[in-house]
Amino acid sequence: MPDTRILGFLILSLLSFGSLAKDASVHETLFSQKIQALINADYQQFIADGTPEFKAALQQVQFKDVAWKFGKQLKQGYSANYEGSFKQQGYDVYLWTISYDNSAASNQYKMVLSNDKVAGFWIQ
């Protein structure tokens, strides 16, 4: 059984600080793709739009543990409330609150972008 203490993961590149995504549709599309990847437990889909550092740092076993815990809750239905964004250390950080239809406690989802690529993603 996966370690349910794993509530999320964060992988940030500390090596490059390029220009960041400005278009709301980019972060919304990427976020939707990451949610679908969690629902489907699809590691390749999850890392597809990631920075090289994100892809290298996120191991499949870590992803599977998180997808096992959160994917099944998401699959039962959820609502996503976009909370906003801010800049941190040269990255754009986007926040959502996810409420699950199965009455489980809500979680905050945080996605970090660099040059329209996912540099970090975590669930609290």
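The values are calculated or read from the model by the stated rules, or taken from the named source; none is laboratory data. Because the structure is predicted, anything quoted here is derived from the model rather than measured. When we count neighbours, we look across all protein chains shown, and the Cβ atoms used for this are built from the backbone with ideal geometry, even at glycine. Heads up: the accessible areas ignore ligands, DNA and RNA and are worked out on the full protein's heavy atoms, side chains in. Shrake-Rupley method; radii C 1.70, N 1.55, O 1.52, S 1.80 Å.
Of note:
- As a calculated quantity, the FRET efficiency between Q60 and T97 at R0 = 35 Å, using C-beta atoms, amounts to about 0.80.
- Rounded to the nearest 10 Å², the accessible area of K117 at probe 1.4 Å: 80 Å²
- Distance between the 7 Å Cα→Cβ label points at E28 and Q88: 2.4 nm.
- Taking each of K75/K117; K69/K117; K64/K87; K34/K87 in turn, the alpha-carbon distance tops 23 angstrom for K75/K117; K69/K117; K64/K87.
- Rounded if a/c under 1.5, otherwise prolate or oblate - region 65-124, Cα gyration tensor axes: prolate
- Scanning residues 5 or more positions from D116 or on other chains, those with amide H under 5 Å from its amide H are A21, with H placed 1.01 Å from N in the peptide plane.
- For region 63-112: accessible area per residue (Å², 1.4 Å): 49 Å²
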